[in-house]
Amino acid sequence: MSGLSLATDNLRAAIRLLLQLQQLGLQRVVLCPGSRSASLALAAGGLAERGLLELVTAIDERSAGFHALGLAAAAGRPVAVITTSGTAVANLLPAAVEADRSSIPLLFLTGDRPRRLKNCGANQTVNQEDFLISACRWMASGPVDGLHGLPDEALSSLTTQAWERMLQPPGPVHLNLPFEEPLHPTAEQQQQLWLGIAMPSDPQGPLARPADTHSRPTVLGAPDWSRPGVVVAGPWRGLAADLPAYQQALQELVDCSGWPLLADPLAAVPDQLSGLIRHWDLLLPAGLSHECDSLQVLRLGPLPASRRLEAWLRQQGSGQWLITEGDSRCLDPLGLSHQDSHGLWRWWKANRADARFAPQHSADLLRGWQQADHRVHTALQSLLAEAGAINEPALMMALPGCLPEGLPVMLAASSPVRDWQAFAAADIGTRRCYSFRGASGIDGTLSLALGLASVLGPTLLITGDLALQHDSNGWLLASASVVPLVVLLIDNGGGGIFGQLPIPAASPAAFDRLFAMPQRCDPLALAAAHGVTGRQISCLEDLPAALEWGLAQQCTVLLRVCTNRVDDAELRRQWRDALINASARGGTTEG
């Protein structure tokens, strides 16, 4: 120990820990209140004051975890969450699950009691080291008698291991850190300690990534490029630094092969990509017919959220190719593919040199699908009303034309992401779209979006009423800082997604009670109670001006539109039937 006091040694150990993480590339920390984590809090605060870390505070650990997830997704590098002991750690589990399934690097730093207080009934002492282990890439604990006793070399090893496990492949890591009492050094002790610590000259260290152990990887072989095939790009799951290489490989692949591309809105495909079939969700199943004896299928990443696509892929049979961005876990619920986890760029680089491309053999397939795609687009335009009452399909169609070029959009993991995929497909490739579909929960929707906007700048969140109310504590984050997020609330009086599923119920009242669960909360009043201004949008023609107003505020605002979930569920069915007919025969259709 340093000789000052145990409380000072706790703080010194916490500062060393966070400084080493900062030198590895940590830039942002989300801090929740607590006493057992006081050393970590004081260390994070001190480093933030010195310009070495960005610090966000949050009183709700569940919201904090998702906010950190949004920050990490936008920045493409790990974010740390600091909490105290007890149930605070349990509240991190939903964010850990999503980070695990979405391959987003998060570091959970949790204060804990030392061994002498474990398993003896001590207050706020639980087996928290086990709470997150099922969802984390790695979990480790500091010394059972307190972090203060860990030598510098061992502490460096602990932080380096945590950092590398968090990035290979990306995902959550949990460091559970016991602290012995006393926990709170005096102001004089703190000042003396900080004066003796050498600060790094570079406030923004580069992102340290694990050493490449696959310099010459054995990759999966390629399809027969001389035969027709199709590329299906699912949601992008990787670090931001790897996205340009992925996009370049995808561009080269479709240009060389001549294969059509079916891209999820979350796939982060580049703009003006050749062969892009935008309205595939509305064309399936009959609109994407082909006369090939065996259509080859190359899938990138996890499956898009489309049962129609899953059924169509099953029809294509086994022997499909699946390329993931470093995630070696099986990502094929259909069981039809051979999987390569080295990433598209490496796979493409290893296979392109010996490939014999014959795009002319896929020309008829591509031309036919592009023509069907154009017919659906024309038919959609004929269905869209330019004014009047708002329905959800029309809202999704109208939105892209009202948004500034390149404005990021986050789609809540329920009806919004599905409707954007179906009815805003013309927008694919023009902007980054985010939706946290790893576990596909509505948890943390607002907190996630605020994290994205904190890094990306002006951002639009499209959410339903239940998803927004489920994360109402996210408004606390909005009121605590200036985050340029426009929240577009589609208020349809409950869970509209359930009306699109074949769920039987004895009566509409029973359906509402058991599934839709409409709430009586006034969302505009709830936002206003947190200091967030809002507006009601009454008709489609008011949408452009409302969005322009919201973006001009440069802070978090709420725009609310009210729709009828029962009518819109039927409208979706009618539109799909009309568009299938239009794609088959050509021309437009009447709404």
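Here, each number is a calculation from the coordinates, and none is a lab measurement. On a predicted model such as this, the values are computed, not experimentally measured, just so you know. FYI the Cβ positions are ideal-geometry reconstructions off the backbone, even for glycines, and counts take in every protein chain you see.
For the chain, what does the helix formula give at 222 nm: sum of -39500 (n - 2.57) over DSSP H segments with n ≥ 4, over the residue count, nearest 500 deg cm²/dmol?
Helix contribution divided over all residues of the chain: -12000 deg cm²/dmol.
Could you please state, rounded to a whole Å, how far the C-alpha centre of region 549-564 is from the C-alpha centre of region 14-79?
When both Cα centres are located, 30 Å separates them.
Kirkwood Rh over Cα pairs of the chain into Stokes-Einstein at 20 °C, 1.002 mPa s: D in µm²/s?
Approximately 84 µm²/s, per Stokes-Einstein.
Treat region 286-356 as a sphere of radius equal to its Kirkwood radius over Cα pairs and apply Stokes-Einstein at 4 °C in a medium of 1.567 mPa s; give the translational diffusion coefficient in µm²/s, rounded to a whole number.
The calculation lands on 97 µm²/s.
With angles folded into 0 to 90 degrees, how steeply does helix 543-552 sit against the dominant principal axis of the chain? Use alpha carbons for both and round to 10.
20
Measuring from label point to label point, each 7 Å out along Cα→Cβ, what is the ASP354 to GLU153 span in nm?
Here the answer is 4.7 nm between the modelled labels.
Please list, by residue number, every one of the trypsin sites (Lys or Arg not before Pro) in region 274-374 that is coil in DSSP and has at most 15 other beta-carbon atoms within 10 Å.
Taking region 274-374 and a limit of 15 other Cβ atoms within 10 Å, the loop trypsin sites (Lys or Arg not before Pro) found are ARG329, ARG356.
Taking the Cα centre as origin and putting +1 on Lys and Arg beta-carbons and -1 on Asp and Glu beta-carbons, what dipole magnitude results for the chain, to the nearest 20 debye?
680
For region 512-591, how big is Rg over Rh, using alpha carbon atoms and the Kirkwood form of Rh?
Reported Rg/Rh, Kirkwood definition of Rh: 1.13.
Using Stokes-Einstein with the Kirkwood hydrodynamic radius over Cα pairs, what translational diffusion coefficient do you get for region 192-351 at 4 °C and a viscosity of 1.567 mPa s, in µm²/s rounded to a whole number?
Estimated diffusion coefficient is 75 µm²/s.
What Kirkwood hydrodynamic radius do you get for region 1-113 when you take the inverse of the mean 1/r over all pairs of distinct Cα atoms, in Å?
This gives a value of 14.1 Å.
Based on alpha-carbon centroids, what's the gap between region 312-380 and region 157-189 in Å, whole number please?
42
With both bridge residues required to lie in the chain, what share of the DSSP beta bridges run antiparallel, to the nearest 5%?
5
What is the pair-distance distribution P(r) of region 103-246, computed from all Cα-Cα distances in 10 Å bins starting at 0, with each bin given as a whole percent?
Going from the shortest bin to the longest, the percentages are 9, 24, 30, 19, 10, 5, 2, 0.
Tell me the volume per residue, in Å³, of the convex hull enclosing the alpha carbons of region 394-524.
Details: hull volume 15.5 nm³, N = 131.
In region 394-524, the Cα convex hull volume per residue is 119 Å³.
Using mean Cβ contacts within 10 Å as the protection proxy, how do 83-96, 149-162 order, highest first?
Those peptides, ordered most packed to least, come out 83-96, 149-162.
log10 I(q)/I(0), Debye, Cα-only region 288-409, no solvent, q = 0.12, 0.18 Å⁻¹?
The computed values of log10 I(q)/I(0) come out as -0.72, -1.17.
Binning at 10 Å from 0, report for region 45-185 what percent of all alpha-carbon pair distances ends up in each bin.
Going out from 0 Å in 10 Å bins, region 45-185 shows 12, 41, 38, 9, 0 percent.
As an exercise, use a Förster radius of 30 Å and the Cβ-Cβ distance of SER538 and ASP577 to find the FRET efficiency, rounded to the nearest 0.05.
About 0.55, to the nearest 0.05.
When the convex hull of the C-alpha atoms of region 132-214 is computed, what volume per residue in Å³ does it have?
Spread over its residues, the Cα hull of region 132-214 gives 147 Å³ apiece.
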